[in-house]
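The next block holds one structure in the form of structure tokens; read it before the comments.
The values are calculated or read from the model by the stated rules, or taken from the named source; none is laboratory data. Source: prediction; values computed, not measured. Counting neighbours? That spans all protein chains shown, and the Cβs are built from the backbone with ideal geometry, glycine included. Note: accessible area is taken over every heavy atom of the protein model, side chains too, but ligands, DNA and RNA are not part of it. Shrake-Rupley method; radii C 1.70, N 1.55, O 1.52, S 1.80 Å.
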Amino acid sequence: MTARLIEPEAATLGVEGALARLGAELDASAQGAFSEVSHHVELAIRTALHQRNAVTGEPLHAATFGSVPVWPEGPMFEGFASQRSRAAGLGSPRARAFAALLDALELFQRALIFAADCQEYVDANQTSATYLRAAGHLDNAAASITGSERELLGV
């Protein structure tokens, strides 16, 4: 993953803005195979908003931070680019909803990793770990998408 200094519009988006977009996409896609994705996303949301114990038993996203917080670039989840291409090729409303969900998941993951980087920068390591655990739940959501792509696309 490459990184660069955060862009002004991304700074104003933050975790809450990314979360709002993801929530809208999940609401639009809430059906069948999306329930497992929704479960992992709900755990990520509750963890990010500190409504869950983030100390033990949670997945932890692996991230290495530099000295100054930067907005993450590049793909957040392996395989999403090919899944997005396949969805674009299908062109159905369900495939478009699927692609929008992938975009929203990546945006939320970027926001969580950036928030963790910012918290580590100010030595708030427990808060940083909370965001990384939320990002770990999104890793699980991405894995469930990869495992059920055909069902999610309706093919």
Ellipsoid semi-axes in whole angstrom, largest first, where each is sqrt(5λ) of the Cα gyration tensor of region 55-155: 30, 14, 9
Ordering of 62-68, 73-79, 107-113 by burial proxy (mean other Cβ atoms within 10 Å per residue, highest first): 107-113, 73-79, 62-68
Region 91-144, accessible surface, carbon-and-sulfur percent (1.4 angstrom probe): 50
q = 0.16, 0.30 Å⁻¹, region 105-155: log10 I(q)/I(0) [Debye, one scatterer per Cα]: -0.51, -1.02
